[in-house]
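The values are calculated or read from the model by the stated rules, or taken from the named source; none is laboratory data. Keep in mind the model is a prediction, meaning the values are calculated, not measured. For neighbour counting, all protein chains shown are included, and Cβ atoms are generated from backbone atoms with ideal geometry for every residue, glycine included.
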């Protein structure tokens, strides 16, 4: 079970001291942990370096739809590290269904992350939702209502109305991710900021949908997930308890070494709080300090195996 609210708040406040020890082996280093938002890097060594630095035993990679050979190379070079991969592509392509179907035939176990300049309920993503149900694979969607830069644009907009999609595609397993998904833990989110700070107003869309729909799960990666879980410790204690079976750990971290090296949050000014830090370490530290051993294992290992049907 989770710690009570007072214990969780105290544990989260201790995070500053823990961050100062980032260069040491983290306390979870001996545990089995799978990073389910690990963007496939250029070489097997680069993938393994980030995992080792962050104290993570395994990963589930996100890659392009044509990445079967790169996946094979990673598995051959680092046996046992990669437990599966999701295939992503531009959903506005006319041939998107054929591309994703081919990726599943080549070994992909899901779709994502899907990050295109379309509406979440638009026809482009709807055909992917239907394909995911047909093939019985999960789909990871990047929801974002506010551009990080003047030219970036927005992605899968309209999350506040996503309940209609959950109803329309009950056989599709949806994995929510990114700014709008996590900002909507608070009922006062107005699509006006990427990473809102401060106390969470109870009754947010994300909290409600996770409670009401068995086909919605949550990817707690990136600055967005970390921000949502660290902005209001009292809220977080209850949120983790309510949705313990729905939360899946991922990093979405661009640092080079699992300790904050290189460009950790390049091109994303709103995530400057994570500059020089490893997102994986920061979120794992938050979870490790605030959860029981059993709850930590469920969120960082068991849920992914159940929902994604990973191969050990």
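Residue-wise test of (1) in a helix (DSSP H, G or I); (2) more than 20 Å from residue 38 (Cα to Cα).
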| position | (1), (2) |
| --- | --- |
| 185 | no, yes |
| 189 | no, yes |
| 194 | no, yes |
| 208 | yes, yes |
| 214 | no, yes |
| 228 | yes, no |
| 240 | yes, yes |
| 245 | no, yes |
Exercise. Say whether the condition of being farther than 18 Å from residue 227 by Cα and without any contact (Cβ under 8 Å) to a residue 40 or more places away in the chain is met by at least one residue in the stretch 272-281.
Key: no
Quiz prompt | Unique residue being more than 28 Å from residue 310 (Cα to Cα) and within 19 Å of the chain's Cα centre (by Cα) when the list is 270, 203 | solution = 270
Practice problem: Keeping to the stretch 241-258, report how many residues are buried (at least 22 other Cβ atoms within 10 Å of the Cβ) and either touching a residue at least 60 places away in the same chain (Cβ under 8 Å) or closer than 16 Å to residue 46 by Cβ (or both). | Solution: 8
Quiz item: Take the residues of the stretch 74-101 that are over 24 Å from residue 301 (Cβ atoms) and touching a strand residue (DSSP E or B) at 6+ places or on another chain (Cβ under 6 Å): which is surrounded by the most Cβ atoms within 10 Å (Cβ to Cβ)?
Solution: 100
Quiz item: Within the stretch 126-133, can one find any residue that is surrounded by fewer than 16 Cβ atoms within 10 Å (Cβ to Cβ) and closer than 30 Å to residue 196 by Cβ?
Solution: no
Quiz prompt | Candidates 123, 150, 94 - the one that is modelled with pLDDT under 95 and farther than 24 Å from residue 249 by Cα | solution = 150
Practice problem: For residue 137, indicate whether it is crowded, with 22+ Cβ neighbours inside 10 Å and out of contact with any strand residue (DSSP E or B) (no Cβ under 8 Å at 6 or more places or on another chain). | Solution: no
Quiz prompt | Residue list for the stretch 284-302, filter: in a helix (DSSP H, G or I), buried (at least 22 other Cβ atoms within 10 Å of the Cβ) and in contact with a strand residue (DSSP E or B) (Cβ under 6 Å, 6 or more places away or on another chain) | solution = 299
Quiz prompt | Candidate set from the stretch 38-54 (those that are out of contact with any helix residue (DSSP H, G or I) (no Cβ under 7 Å at 6 or more places or on another chain) and assigned to a loop (DSSP other than H, G, I, E, B)); member that is surrounded by the fewest Cβ atoms within 10 Å (Cβ to Cβ) | solution = 42
Self-check item: Residue in the stretch 148-156 that is in contact (Cβ under 8 Å) with a residue 40 or more places away in the chain, surrounded by 22 or more Cβ atoms within 10 Å (Cβ to Cβ) and part of a loop (DSSP other than H, G, I, E, B) present
Solution: yes
Quiz prompt | Residue list for the stretch 183-202, filter: under 15 Å from residue 159 (Cα atoms) and surrounded by fewer than 20 Cβ atoms within 10 Å (Cβ to Cβ) | solution = 187, 188, 190, 191, 192, 193
